[in-house]
Amino acid sequence: MAEMGFTITELVEAQAQVWNLLLSYLKSMCLKCSLELGIADALKKQGKPMELSELSFALSIPPSKFDCFRRFMTTLVHLELFAEQQDDSGATKYILTPASYLLVKDETMNITPFLTLILDPIMCDSSHVFMPWFKSHKETPFEFYFGKGFWDFVGEKPEFSKMFNEGMASDSRLVSEVVMMNCKDVFNGLKSIVDVGGGKGSMAKSITHAFPGIKCTVFDLPHVIDSLEEDRQPGVEYVGGDMFVSVPHANAVLLKWILHDWDNEECIKILQRCKEAIPSIADGGKIIIIDIVVGASRNKHPYAVETQLLFDLLMMNITSGRERNECEWRKIFLSAGFIDYKITHFLGLRSIIELYH
């Protein structure tokens, strides 16, 4: 029997696909639980593969939960967050993977604060109201759910603001490590750079360390800059202001994961203010954008584009922004008065865009 021209086999396979979508929220919950348990930290501390009994003991898992923990780890291994290996006696032991290495809290490239931010209920809860939001006049599901825009919410909640800044800083540490290893030439020849929306200054610190001759300025909202008294890097200038009004002058402006927070018209305004702050291409001026270019990635994982699209939905959920493909980026650049750009796909799902006028 077939319905609408579909075979029974196709419909059964489709049911499996829909069930996978249905249960995908448990992937996030498994990730959250692994962070809270500190599984990656325990494996790193041990310094060698661990049997399940050793791992459960290190994490203070009671014996009554041993079989549940085994099932949990089986799923995490299937998701490639951790891996199994057999020793000479045939015993199964657990090891870190590249993914779980990023969860080790004392490592430079630890992204736990960013994951903690994205998994927080404040970031997740408004996704439950997509349907009524589509039929409302509110700008975002976040505003529909909480009664105010995301940036207003951040400004009124010091603890969440701190979590947000720490999450962004952890991402900047990873990005700066990769940029300085693989794309260092982007900064060659620059005498000064302004990190717009630079938060805690992680990118500026890395640039200053790698290029002592570049004068770095962290530019962000006044309340963000005022909160950095204990985190300031010697040799880095910190300036408070509004990127929609003006940007400090420099050879180059850095916009790391900034433009995806804003709609097209707002992006054009930001880029125009940045354009006013830098010299022309003939005098070595440029804007350095680190952001997603949808459909373009050096990451060959089959879920690369899917992840980019899911990030687009995250932006739709909490801000007026979006992730963009190259055609959409080009329209913004031309509208803002720029004449040329260069895209380098270097950072997993994100790219470096060098923009000139």
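Here, each number is a calculation from the coordinates, and none is a lab measurement. The structure displayed is predicted, hence computed values, not measured ones. Methodologically, a virtual Cβ is constructed for each residue, glycine included, from the backbone with ideal geometry; neighbour enumeration extends over all protein chains shown.
Tabulated values for the structure
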read-out: Cα centroid separation - segment 253-289 against segment 136-182, whole Å; value: 20 Å
read-out: Net charge of neighbours whose Cβ lies under 12 Å from the Cβ of LYS215, counting Lys and Arg as +1 and Asp and Glu as -1; value: -1
read-out: For LEU35, net neighbour charge (Lys/Arg +1, Asp/Glu -1) across residues whose Cβ lies under 11 Å away; value: 0
read-out: Span per principal axis, largest first, for the Cα atoms of the chain (Å); value: 65, 56, 38
read-out: Gaussian network model of the chain, Cα within-10 Å springs - most flexible of TRP257, TRP19, TRP151; value: TRP19
read-out: Sites MET4 and ILE95 - FRET efficiency at Förster radius 35 Å, r taken between beta-carbons, to 0.05; value: 0.15
read-out: Local electrostatic count at ARG324 - Lys and Arg +1, Asp and Glu -1, tallied over other residues with Cβ under 10 Å; value: -2
read-out: Prolate/oblate/rounded label for segment 189-244 (Cα gyration tensor, a/c 1.5); value: oblate
read-out: Modelled FRET efficiency - R0 51 Å, HIS78 with ARG232, Cβ distances, 0.05 increments; value: 0.70
read-out: Stretchable slack from LYS184 to GLU54, in nm (0.36 nm times residue separation minus alpha-carbon distance); value: 42.5 nm
read-out: Gyration tensor (alpha-carbon) shape descriptor, segment 8-101, a/c threshold 1.5; value: prolate
read-out: Candidates ARG273, ARG71, ARG322: whichever shows maximal mean-square fluctuation once the chain is modelled as a Gaussian network with Cα springs under 10 Å; value: ARG71
read-out: Antiparallel content of DSSP bridges confined to the chain, in %, to 5; value: 50 percent
read-out: Listed residues HIS137, GLY213, LEU313: farthest to the positive end of the dipole of the chain (Cβ charges); value: GLY213
read-out: Filtered chymotrypsin sites (Phe, Trp or Tyr not before Pro), segment 267-357: DSSP coil and at most 15 other beta carbons within 10 Å; value: TYR303
read-out: Lys, Arg +1 and Asp, Glu -1 on Cβ, resulting dipole of segment 8-101 about Cα centre, debye, nearest 20; value: 340 debye
read-out: Entries in LYS27/LYS157; LYS105/LYS215; LYS48/LYS256; LYS215/LYS256; LYS148/LYS331; LYS184/LYS300 that, when Cα-Cα distance is taken, lie over 26 Å; value: LYS27/LYS157; LYS105/LYS215; LYS48/LYS256; LYS148/LYS331
read-out: The chain: relative contact order in percent, alpha carbon pairs under 8 Å with at least 6 residues between; value: 11 percent
read-out: Förster radius 45 Å - calculated FRET efficiency between ASP340 and GLU36, Cβ distance, rounded to 0.05; value: 0.45
